[in-house]
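Participant: Before anything else, here's the structure in question.
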Amino acid sequence: MIRVMLVDDHTMVRKALAHLIGSEQGIAVTSEADSGEAALALLKTESVDVVLCDIHMPGMGGLEAIRRIQARYPEIGLIAVTAEADAALARSVLEAGVHGYVTKDAPPQELITAIENASHKIRFISSRIAQEIALQSMRKTSDPFETLSGREQQVLMMILEGKSNQFISDALCVSPKTVSTYKVRLQEKLGVNNDIELLRLAVKSGRVVINE
């Protein structure tokens, strides 16, 4: 029996995934967590074979949770789940050591295959993500900022201007939680860990000029 832990901050998503996975023989969802922090706490007392982790979550975020699980529990198979087929994010996630990367709109069989493969440490990438990675390679862009969406570009500029989360929230008419999610996505796509590293990358790429 393959024991699976689901990590997603949306209860309905976890329940839907648990129902889908539970209908497959030989696989069972044995634990659930609503954050990366909760998942790491559960893993101290519970044994699982595969962790299925959403990438975009408040707090620690899915990518950082994956990195920590990989470092502390190398025997566990890791699958990243995302609503977006983003090539730049996919590269960061794959570099973090996941064994599977699946979009939430992928056919159910892709998810099952990813779980079975991850339990044996065999890599599986959703067909939609694999296609996006191939397309990005054909575009051959060397500027990581070009991979950002229009809204992510807006958030980026305000971060670089030193605006607070509340200011960005009010300016874009979104919740502070959504702003935090955008910031996590920016860091994941650009391979940085905080606003300082983000600024350094922007300076290095010429997006920001510092007058001495």
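Participant: Placing +1 at every Lys and Arg Cβ and -1 at every Asp and Glu Cβ, with all other atoms neutral, what dipole size does the chain have around its Cα centre, in debye to the nearest 20?
Facilitator: 300
Participant: A further question follows. To make sure I understand the rule: partners must be aspartates and glutamates, Cα under 18 Å from the Cα of LYS121, and not fewer than 8 residues away in the same chain. Which ones qualify?
Facilitator: Within reach: ASP49, GLU75, GLU95, GLU110.
Participant: Can you work out ³J(HN,Hα) from phi for every residue in the stretch 42-47, in order, using Karplus 6.51 cos²θ - 1.76 cosθ + 1.60 and θ = phi - 60°, giving whole Hz and x for Gly and Pro?
Facilitator: Coupling constants for the stretch 42-47: 5, 5, 6, 10, 10, 9 Hz.
Participant: Follow-up question, since we're still on this one. Suppose R0 equals 30 Å; then what is the FRET efficiency for LYS44 and LYS15 from their Cβ-Cβ distance, rounded to the nearest 0.05?
Facilitator: 0.80
Participant: If you don't mind, another one. All other residues with a Cβ under 11 Å from the Cβ of GLY100 taken together, and with Lys, Arg as +1 and Asp, Glu as -1, what is their net charge?
Facilitator: 0
Participant: Considering only protein heavy atoms, with the full assembly of protein chains and a 1.4 angstrom probe, order SER23, SER92 by accessible area, largest first.
Facilitator: SER23, SER92
Participant: So if R0 is 45 Å, what FRET efficiency would SER23 and ASP170 give, r being the distance between their Cβ atoms, rounded to the nearest 0.05?
Facilitator: 0.50
Participant: Counting only heavy atoms of protein chains, what accessible area per residue, in Å², does the chain have with a probe of 1.4 Å?
Facilitator: 50
Participant: Next question. Charges only on Cβ, +1 for Lys and Arg, -1 for Asp and Glu: so what's the dipole of the stretch 15-83 about the Cα centre, in debye to the nearest 20?
Facilitator: Result for the stretch 15-83 is approximately 140 debye, rounded to the nearest 20.
Participant: Still on this structure, please answer the following. State which entries of LYS15/LYS163; LYS104/LYS189; LYS44/LYS163; LYS163/LYS189; LYS104/LYS204 exceed 28 angstrom in Cα-Cα distance in the structure shown.
Facilitator: Cα-Cα > 28 Å for LYS15/LYS163; LYS44/LYS163; LYS104/LYS204; rest within.
Participant: Keeping the other protein chains in place, figure out the carbon and sulfur percent of the accessible area of the stretch 12-75, with a 1.4 Å probe.
Facilitator: Ligands and nucleic acids excluded, carbon and sulfur give 52 percent.
Participant: Angle check, please: helix 176-190 long axis (alpha carbons) against the longest principal axis of the chain (alpha carbons), in degrees 0 to 90, nearest 10.
Facilitator: 90
Participant: Using +1 at the C-beta of Lys and Arg and -1 at the C-beta of Asp and Glu, which of LEU160, MET12, ALA41 has the Cα lying farthest in the positive direction of the dipole of the chain?
Facilitator: LEU160
Participant: Compute the long axis of helix 108-119 from its Cα atoms, compare it with the longest principal axis of the Cα atoms of the chain, and write down the angle in degrees, 0 to 90, nearest 10.
Facilitator: Helix 108-119 sits at roughly 80 degrees to that axis.
The values are calculated or read from the model by the stated rules, or taken from the named source; none is laboratory data. Just so it is clear, the model here is predicted, and its values are computed rather than measured. Every residue, glycine among them, receives a Cβ derived from its backbone with ideal geometry; neighbour counts consider all protein chains shown. The accessibility values were calculated without ligands, DNA or RNA, using every heavy atom of the protein model including side chains. Shrake-Rupley method; radii C 1.70, N 1.55, O 1.52, S 1.80 Å.
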